[in-house]
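To keep things clear, I will list the structure first and then write my remarks on it.
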Amino acid sequence: MWQALRTELHPKGLEIVTVALDTGGVEAARPWIEAARPEHPSLIDQAHITDELLGFVNVPNGVWINEDGVLVRPAEPAWPPREPNAARYDNIPEDTPQRLKDMLGEARKITSDPARYVAAVRDWVERGAESRYALSPDEVVRRSQPRPPEHARAAAAFELGQHLWREGHQDAAVGWFRQAHRLHPDNWTYKRQAWSFADPLQGPTELYDSDWLSDIRAIGAENYYPPVEW
Amino acid sequence: MLVDALTVDPAEFEARTGWQAKPEGLCKGDVCVSMPGGTAGPLDISVLSERLGMPLLHDEATDCWVLGPEGGGRALTTAVAPDLELPTVDGNPFRLSALHGRKVLLVAWASW
């Protein structure tokens with residue numbers, strides 16, 4: 001979905017880099033990448049390093065980096081050019097399993113603003129540092145994700161969990177994933193990655209205390225992404 | 001950061017966390033933290049944990065250690081982008097600094 005924007009803005013000096021936050025690695029990400037047929041770098045972050053280094057807590061999230069390697073926008077929700085969610089999830093076939101219908105019904109209510117996000121990217125590409133969307137270094141740091149001690153511990157627990165999962169110590173991994181979820185309950189990346197191993201639809205299992213549908217209903221789908229602070 | 005010993009190489013530590021070993025201590029952005037014993041040799045992970053506020057976790061069953069990011073502030077302590085190196089889908093290493101001179105929109109996504 002990002003390729004169209006890349007085609008438009010690459011001649012004007014922008015490169016798009018996608019990063020798959022996937023403990024499943026290339027195997028998990030490849031089918032999606034091949035379907036997208038990108039001309040931009042498509043990277044695999046199997047260890048979720050960028051979550052920690054940049055502050056990603058959900059997907060899609062993005063950062064903007066200027067020509068000198070300086071961040072001008074911290075991690076925040078980022079959407080490619082696409083239809084609003086309400087239109088994307090219309091016309092669900094009648095024979096769709098009820099749980100999936102319920103999930104798509106909630107997904108339909110998730111608030112996103114791809115048009116505004118893409119317009120901001122275009123403005124930055126055009127105006128550079130003069131764009132009102134390009135933030136000062138101090139503001140980038142100020143707006144980055146808070147990281148209280150419990151969130152730092154959650155990051156360590158998640159890293160341990162996903163490493164143990166990949167090494168085949170899955171029982172131990174679940175314990176560390178659960179700790180990460182408890183310490184940083186707003187981090188959808190930690191939750192969804194772990195849930196996805198137990199159930200591809202991220203539904204209720206004995207391994208975890210919650211699931212995607214329950215959690216999104218608890219907070220309200222409209223709060224799934226925080227509003228972008230333009 | 002996974003650690004397989006009770007010390008870590010300063011260069012490896014910098015590559016993974018952005019904390020750079022200098023004569024005055026470990027530095028990141030405008031912050032420098034002095035380290036007992038200096039920074040020229042291997043860094044003790046328990047000292048790193050204490051001095052930088054990084055949680056140190058240990059899985060007893062597998063004897064696996066992880067040093068987490070520093071806590072008590074924000075995810076970013078500097079706006080200088082980390083010089084990430086990650087593999088492409090084809091398995092080739094890609095370093096973010098290769099794109100200096102271009103604006104970069106870096107987007108995280110997932111199959112889940």
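Of the residues B:T78, B:T17, the single one that is among the β-branched types (V, I, T) and touching a Gly at 6+ places or on another chain (Cβ under 7 Å) is B:T78. The residues of segment B:88-112 that are facing chain A (nearest Cβ under 7 Å), over 15 Å from A:P38 (Cβ atoms) and assigned to a strand (DSSP E or B) amount to a single one, B:K103. Put simply, of A:A20, A:A75 the only residue that is under 23 Å from A:P137 (Cα atoms) and touching a Phe, Trp or Tyr at 6+ places or on another chain (Cβ under 7 Å) is A:A75.
Examine segment B:41-61 for a residue that is away from chain A (no Cβ under 12 Å) and in a strand (DSSP E or B), and state whether such a residue exists. Yes, segment B:41-61 contains at least one residue that is away from chain A (no Cβ under 12 Å) and in a strand (DSSP E or B). Within segment B:23-45, the residues that satisfy the criterion of being surrounded by fewer than 17 Cβ atoms within 10 Å (Cβ to Cβ) and over 15 Å from the mean Cα position of the chain (by Cα) are B:P23, B:E24, B:D30, B:S34, B:P36, B:G37, B:G38, B:A40, B:G41.
Residues that are away from chain A (no Cβ under 11 Å) and surrounded by fewer than 17 Cβ atoms within 10 Å (Cβ to Cβ): does segment B:74-84 have at least one? No: segment B:74-84 contains no residue that is away from chain A (no Cβ under 11 Å) and surrounded by fewer than 17 Cβ atoms within 10 Å (Cβ to Cβ).
Per-residue answers, yes or no, for (1) more than 9 Å from chain B (Cβ to nearest Cβ); (2) in contact with a helix residue (DSSP H, G or I) (Cβ under 7 Å, 6 or more places away or on another chain); (3) surrounded by 21 or more Cβ atoms within 10 Å (Cβ to Cβ); (4) at negative phi:
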residue: A:E167; (1), (2), (3), (4): no, no, no, yes
residue: A:A172; (1), (2), (3), (4): no, yes, no, yes
residue: A:W176; (1), (2), (3), (4): no, yes, yes, yes
residue: A:R182; (1), (2), (3), (4): yes, no, no, yes
residue: A:R192; (1), (2), (3), (4): no, yes, no, yes
residue: A:W195; (1), (2), (3), (4): no, yes, yes, yes
residue: A:P200; (1), (2), (3), (4): no, no, no, yes
residue: A:G203; (1), (2), (3), (4): yes, yes, no, yes
residue: A:S214; (1), (2), (3), (4): yes, no, no, yes
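Scanning segment B:7-21 for residues that are more than 14 Å from chain A (Cβ to nearest Cβ) and surrounded by 13 or more Cβ atoms within 10 Å (Cβ to Cβ) yields B:T7, B:V8, B:D9, B:P10, B:Q20, B:A21. Of all the listed residues (A:V19, A:V59), the sole one being farther than 16 Å from A:S196 by Cα and either under 13 Å from the mean Cα position of the chain (by Cα) or in the same structural domain as A:R127 (by TED's automatic domain parsing) (or both) is A:V19. Under the condition of being without any contact (Cβ under 8 Å) to a residue 12 or more places away in the chain, farther than 15 Å from B:L67 by Cα and hydrophobic (A, V, I, L, M, F, W, C), the residues counted in segment A:140-188 number 1.
Residues in segment A:144-160 that are more than 7 Å from chain B (Cβ to nearest Cβ), of a type outside the set (A, V, I, L, M) and surrounded by 17 or more Cβ atoms within 10 Å (Cβ to Cβ): 1 in all. Among residues of segment B:23-38 that are without any contact (Cβ under 8 Å) to a residue 40 or more places away in the chain, those with a beta-carbon under 6 Å from a residue that is basic (K, R) at least six positions away or on a different chain give the pairs B:V33/B:R51.
Taking the condition surrounded by fewer than 23 Cβ atoms within 10 Å (Cβ to Cβ), aliphatic (A, V, I, L, M) and either within 21 Å of B:R95 (Cα to Cα) or not assigned by TED's automatic domain parsing to the domain that holds A:S131 (or both), does A:L14 pass? Yes: the conditions hold for A:L14.
Within segment A:85-142, the residues that satisfy the criterion of being of a type in the set (A, V, I, L, M) and more than 21 Å from A:H10 (Cβ to Cβ) are A:A86, A:A87, A:I92, A:L100, A:M103, A:L104, A:A107, A:I110, A:L135, A:V140, A:V141.
The values are calculated or read from the model by the stated rules, or taken from the named source; none is laboratory data. Small disclaimer: the values here were computed from a predicted structure and weren't measured. In this analysis, Cβ positions are derived from the backbone assuming ideal geometry, glycine residues included, and neighbour counts consider all displayed protein chains.
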